[in-house]
Amino acid sequence: MIGIDDLALATGAYRIDLAAVAERLGTDPAKYYKGLGQTEMSVIAEDEDIVTLGAAAALPVLERAGRDQIRTVLFATETGIDQSKAAGVYAHRLLGLSPNVRVVELKQACYSGTAALQFAAALVARNPAEKVLVIASDVARYELGSSAEPTQGAGAAAFTVSADPALLALEPAAGLFTADVMDFWRPNHRVTAIVDGQSSITAYLEAIGGAFTDYRAQGGADFAAIDRFCYHQPFTKMASKAHRYLAQRAGSTLDAAALAAQVDPTMAYNRRIGNSYTASVYLALLALLDGEADLTGERVAIASYGSGAVAEFLTGTVVEGYREGLRTATNEQILADRPQISDDTYLARQRTMPRTDPSDYTNRHETRAPFRFAGVREDQRIYEPTS
């Protein structure tokens with residue numbers, strides 16, 4: 001039995017209520033609250049980035065389990081900070097891991113955290129004494145004033161994959177789908193992504209449907225035998241749309257309320273954090289586990305999607321005693337402790353993000369997280385503990 005042994009989150013230092021964004025854009029807040037299923041989004045401090053978020057998420061996991069069994073770190077992100085060096089190498093030092101560890105960065109839009117999960121499971125199968133640390137960390141940014149702006153966000157999920165897992169035991173079947181489509185991409189010269197909104201929704205649905213069909217062909221469970229569904233959530237209503245689509249494709253006879261019960265409990269964190277790209281589907285899983293229902297023995301699907309496009313559909317069963325490993329109160333406190341900023345403050349931060357001299361600058365000390373991005377000296381990124 002191999003699966004997810006521990007799972008933790010981190011997010012940006014601040015939050016903005018989407019009503020403030022709606023007012024500036026002349027839009028009814030209900031368009032975001034109900035239409036997107038989003039209430040607010042996380043905004044990073046000046047001295048936060050994917051490394052600090054990822055390391056902050058991983059720290060409690062390592063403090064609980066220890067570092068001795070970790071011989072691999074897989075860092076999944078689409079918010080790259082270097083064309084060569086893996087973001088995970090910086091996190092490796094901050095987290096105090098042994099030098100006898102392999103570290104690599106994985107990229108394929110929002111999907112690569114799931115690739116990391118599968119690669120980790122294979123490594124553990126080869127040597128069950130090892131644990132693999134997976135970090136999925138991203139900052140989602142779009143053009144100000146665009147229809148995608150309210151779906152920005154920032155977050156990280158970190159989890160260990162091990163034999164005899166404490167949270168979720170993976171099942172062997174997995175369904176895969178890849179198609180070369182231009183629904184969302186970010187060329188090297190751009191800070192923000194290019195998005196074809198309607199094409200992206202279509203590509204998402206077709207990819208998830210194709211992955212589920214392949215999952216069934218590989219011996220996976222019937223739709224009716226799956227209790228809960230965690231989808232990638234660029235916005236939470238996308239998960240609802242995807243679930244209805246998949247249910248219809250699978251010939252399910254469940255009514256709307258029953259379908260909602262399978263997916264709604266996964267939305268609590270993403271609704272408040274916004275899009276976190278690679279971390280999103282694992283924040284959905286964490287929200288589900290942190291929820292009120294006793295999920296012991298239930299089969300949970302992970303439906304992972306990354307634009308461009310790659311999708312994977314897999315399942316696992318919730319392990320008896322899983323609640324003992326949760327940090328539900330801590331996770332709520334992390335979200336509650338983010339100060340709310342005004343739209344003017346948020347705009348000032350977004351507009352000053354690109355540096356006039358990206359090879360040499362200093363960041364103000366703002367974050368209250370364990371680690372900070374201090375700035376750049378002669379094109380070298382500087383990371384340090386905050387205490």
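The values are calculated or read from the model by the stated rules, or taken from the named source; none is laboratory data. Please read these numbers as outputs of a predicted model, since none were measured by experiment. Positions of Cβ are generated from backbone atoms using ideal geometry, with glycine treated the same way; all protein chains shown enter the neighbour counts.
The number of residues in segment 172-185 that are surrounded by fewer than 17 Cβ atoms within 10 Å (Cβ to Cβ) and over 20 Å from residue 243 (Cα atoms) comes to 5. Residues considered: 383, 346. Of these, the only one that is outside any strand (DSSP E or B) and buried (at least 16 other Cβ atoms within 10 Å of the Cβ) is 346. Scanning segment 187-199 for residues that are modelled with pLDDT under 90 and not aliphatic (A, V, I, L, M) returns 188, 189, 190, 192, 196, 197, 198, 199. Taking each residue of segment 106-122 that is closer than 20 Å to residue 163 by Cβ and in contact (Cβ under 8 Å) with a residue 40 or more places away in the chain and looking for partners that are surrounded by 24 or more Cβ atoms within 10 Å (Cβ to Cβ) and of a type in the set (Ser, Thr, Tyr) with beta-carbon atoms closer than 6 Å, six or more apart or interchain, yields 114/304.
Cβ separations smaller than 6 Å between residues 6+ apart or across chains give the following pairs from segment 228-254 residues that are closer than 20 Å to residue 140 by Cα to residues that are polar (S, T, N, Q) and part of a loop (DSSP other than H, G, I, E, B): 234/275; 235/38; 239/233. Applying the criterion of being free of Cβ contacts under 8 Å to residues at least 40 places away in the same chain and of a type outside the set (A, V, I, L, M, F, W, C) to the residues of segment 299-331, the residue that is surrounded by the fewest Cβ atoms within 10 Å (Cβ to Cβ) is 320. Exactly one residue out of 50, 44, 16, 81 is surrounded by fewer than 20 Cβ atoms within 10 Å (Cβ to Cβ), in contact with a strand residue (DSSP E or B) (Cβ under 7 Å, 6 or more places away or on another chain), of a type in the set (A, V, I, L, M, F, W, C) and more than 19 Å from residue 162 (Cα to Cα), and it is 81. Take residue 1 and tell me if it is touching a Gly at 6+ places or on another chain (Cβ under 9 Å) and either farther than 20 Å from residue 167 by Cβ or surrounded by fewer than 19 Cβ atoms within 10 Å (Cβ to Cβ) (or both). When the stated conditions are applied, residue 1 does not pass them.
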